[in-house]
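*Asks:* A single structure is presented below for examination.
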Amino acid sequence: MPANLPPQYYELEREFKAEKDPREKLRLAQELLAIMPKHKGTDKLQADMKNKISKLKKLLEEPDKKHGVRQAAANDYIPKEGAGQVILVGPPNSGKSSLVECLTNARPLVTDYPYATREPLAGMMTFETVQIQLIDTPPISSELYEGYMNNLIRQADLVVLVCDLSTDTFLEGIRFIIDKLDEKRIILKPKLTERPGDPRYYFKKTLICAHKIYDDETGERRRRLKEQFTDFKIIETSIIDDDTMNNFKREIFKALNIIRIYTKQIGKEPVFENPIILPTGGTVEEAAEVIHKDFARKLKFARVWGKGKFDGQRVQHDCRLNDEDIIEFHI
Ligand SMILES: Nc1nc2c(ncn2[C@@H]2O[C@H](COP(=O)(O)OP(=O)(O)OP(=O)(O)O)[C@@H](O)[C@H]2O)c(=O)[nH]1
Ligand SMILES: [Mg+2]
């Protein structure tokens, strides 16, 4: 029976064959398997691919020194911490490390010369009652593109594209990055209104950070930036202006599309720390599940205080919650 493979399969297969990095090769193999039509004609192909996947996994677990396979640096994965993972990408010297230094507990290297950051570095940023993870990364330019950036960006919840307003090449700098990521099938989007039709593509929600605003004295560069990127949310920042830094934090939080739910025990005051984090539109049941699966099962009803509800309103499992609602579970 003919396999009838879609044209994108052959394209991806070519990439898979040419790829040297075992981690990236594994990812491509998994994508190949995912897009392979599942019918009798592809049985053998599916089995072959599964075999390749398991060999690659083994290879990554225990690199075979005899064959000189080097384990790819673990730079392509940073475990998520906090309410969301945000990756800063930008041209050399644009101020990525300065932003991470200013906003988080991390202490990246900040220099006045370009290409200072060689590896990704994560730090935690506090926004009101939540912690958000920011990742500083090496620059992207025609001179440098670290292969591990593909995976790092794919895994992040949000991309911040840092635009350096202190230079005449501010537009070229970010255009280059958008095009480069496009080539890697990572599409930076102002909003995520749809999923990619082709599973090889990743859409990533992106904010543009118009950084070093005080170097753009006339505002001309900001005007041009806005003109070029009308759909994107553009946040103006400078590390010497706390108001812009606070606004930047709020915009990051908003862009993550999450809500904070505070809990209270019956007859006690609410606790306004360590909120339950849910995606926007999250329900009472989902909030209970964060505490414990069993808890959600045993839940009879809840009382909620917050926007759009009267105080202590009795609600059921499917009731949608709003940011900063207070919930009291009854089991
Ligand atoms: N005027 C001004 N300078 C800034 C601002 N933020 C950072 N800088 C300066 O910009 C330069 C580069 O800062 P970094 O944070 O190292 O830039 P980077 O994007 O991490 O650079 P690479 O790691 O080389 O890609 C330093 O001299 C910073 O002091 C800002 O808001 N305003
Ligand atoms: Mg840096």
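Just so you know, all these numbers are worked out from the coordinates, no wet-lab data involved. This one's a predicted model, so the numbers in the text were calculated from it and none came from an experiment. No Cβ is skipped: glycine too gets one built from the backbone with ideal geometry, and neighbour counts run over all protein chains shown.
*Asks:* So between Lys40 and Glu269, what do we pick up on full extension, going 0.36 nm a residue minus the alpha carbon distance?
*Replies:* 76.3 nm
*Asks:* What shape does segment 259-330 take by its C-alpha gyration tensor, where a ≥ b ≥ c are the square roots of the eigenvalues and a/c under 1.5 counts as rounded, a/b above b/c as prolate, and the rest as oblate?
*Replies:* Taking the square roots of the gyration eigenvalues as a ≥ b ≥ c, segment 259-330 is rounded.
*Asks:* Counting only DSSP beta bridges with both residues in segment 74-256, tell me the antiparallel percent, nearest 5. Don't skip to the answer; put the middle values down first.
*Replies:* On the way: 9 of 30 bridges.
Within segment 74-256, antiparallel bridges account for around 30 percent of the total.
*Asks:* May I ask you to derive the relative contact order of segment 259-330, considering only C-alpha pairs under 8 Å and at least 6 residues apart, and to give it as an integer percent?
*Replies:* On the way: 142 pairs, mean separation 29.1, N = 72.
With pairs under 8 Å counted, the relative contact order is 40 percent.
*Asks:* Rounding to the nearest 20 debye, state how big the charge dipole of segment 7-67 is about its Cα centre with +1 on each Lys and Arg Cβ and -1 on each Asp and Glu Cβ.
*Replies:* Here segment 7-67 has a charge dipole of around 240 debye.
*Asks:* For the chain, modelled as a GNM with alpha-carbon contacts under 10 angstrom, which of Gly123, Gly197, Gly95 fluctuates the most?
*Replies:* Most flexible of the set in this elastic network: Gly197.
*Asks:* What FRET efficiency would be calculated for the residue pair Lys58, Ala18, taking the C-beta separation as r and a Förster radius of 22 Å, to the nearest 0.05?
*Replies:* 0.55
*Asks:* Okay, moving on. Please build a GNM for the chain, connecting alpha carbons under 10 Å apart, and tell me which residue among Glu81, Glu19, Glu251 fluctuates the most.
*Replies:* Sorting by GNM fluctuation, first place goes to Glu19.
*Asks:* Calculate the translational D of the chain in whole µm² s⁻¹ from Stokes-Einstein, where the hydrodynamic radius comes from the Kirkwood formula applied to all Cα pairs, the temperature is 10 °C and the viscosity 1.306 mPa s.
*Replies:* Approximately 70 µm²/s, per Stokes-Einstein.
*Asks:* Summing Lys, Arg as +1 and Asp, Glu as -1, what charge do residues with Cβ under 12 Å from the Cβ of Gln313 carry, Gln313 excluded?
*Replies:* With Lys, Arg at +1 and Asp, Glu at -1, the net is +1.
*Asks:* If you don't mind, another one. Among rounded, prolate and oblate, which fits segment 64-207 when a ≥ b ≥ c are the square roots of the eigenvalues of its C-alpha gyration tensor, a/c under 1.5 means rounded, and a/b larger than b/c means prolate? Intermediate values should be presented prior to the final figure.
*Replies:* Numbers: a/c = 1.14, a/b = 1.10, b/c = 1.04.
Judged from the Cα gyration tensor, segment 64-207 comes out rounded (a/c under 1.5).
*Asks:* Contour minus end-to-end for Thr129 and Phe203, with contour as 0.36 nm per residue of separation and end-to-end as the Cα-Cα distance?
*Replies:* On the way: separation 74, 0.36 × 74 = 26.64 nm, distance 2.86 nm.
Result for the pair: 23.8 nm of gain on full extension.
*Asks:* Given the options Gln155, Gln133, Gln30, state which has the largest fluctuation in a GNM of the chain using a 10 Å cut-off (strictly under) for Cα springs.
*Replies:* Of the options given, Gln30 has the highest mean-square fluctuation.
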